[in-house]
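Remarks on the structure that follows.
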């Protein structure tokens, strides 16, 4: 293992430990001492990578949400829309369900701490949303879809994904028992059939 790889591995080790501690204790209830102990590092080592818990939170969103979405966006131009959307939704469904306690703790902090919310919006959310919007503009401009506002399409997909994952699968055991592939296929069909222009298909 090359020496240049060690910092990246240590950073990932700390992030994974922080995810477990945040999921168990919540963002505010977790301490950097607990996270360092869980990661098997000194607290000073943790601070070299993440000076504050806020830095940890933002890095966690980057790893859990931004990077996977960016990987999917890079694959979009080479894929058929139905297949791409199904794969995107399936991956996000599985990941969000696996990380639900953690994501709930982090979103709670974003809603209640103004400084964290501002940092999240400026450093994570807005740049990612602009990237998604640009890709949607390119796709919707190909002539096979209705002239819908890209932001409306984007939030409809995101809202459906979160609604199914955070509420639907918690409240409806039958929905929760469905394979992620089936949920992704049906959600993708709902979205794409809704935005297709019948006169051009």
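Among residues of the range 134-146 being out of contact with any strand residue (DSSP E or B) (no Cβ under 8 Å at 6 or more places or on another chain) and surrounded by 15 or more Cβ atoms within 10 Å (Cβ to Cβ), the one that is farthest from residue 189 (Cα to Cα) is 135.
Looking at the structure I just gave you, is residue 98 more than 26 Å from residue 178 (Cα to Cα), surrounded by fewer than 17 Cβ atoms within 10 Å (Cβ to Cβ), within 13 Å of the chain's Cα centre (by Cα) and at pLDDT 85 or above? Taking the combined requirement at face value, the residue does not satisfy it. The sole residue among 78, 115 that is touching a residue at least 40 places away in the same chain (Cβ under 8 Å) and surrounded by fewer than 14 Cβ atoms within 10 Å (Cβ to Cβ) is 115.
With the condition kept exactly as written, say whether any residue in the range 139-150 is out of contact with any helix residue (DSSP H, G or I) (no Cβ under 8 Å at 6 or more places or on another chain) and part of a helix (DSSP H, G or I). No, that holds for no residue. Exactly one residue out of 17, 30 is crowded, with 18+ Cβ neighbours inside 10 Å, part of a loop (DSSP other than H, G, I, E, B) and free of Cβ contacts under 8 Å to residues at least 24 places away in the same chain, and it is 30.
The values are calculated or read from the model by the stated rules, or taken from the named source; none is laboratory data. From a predicted model like this one, the values you see are computed outputs, not experimental measurements. Don't worry about glycine lacking a Cβ; one is built from the backbone with ideal geometry, like all the others, and counts go over all protein chains shown.
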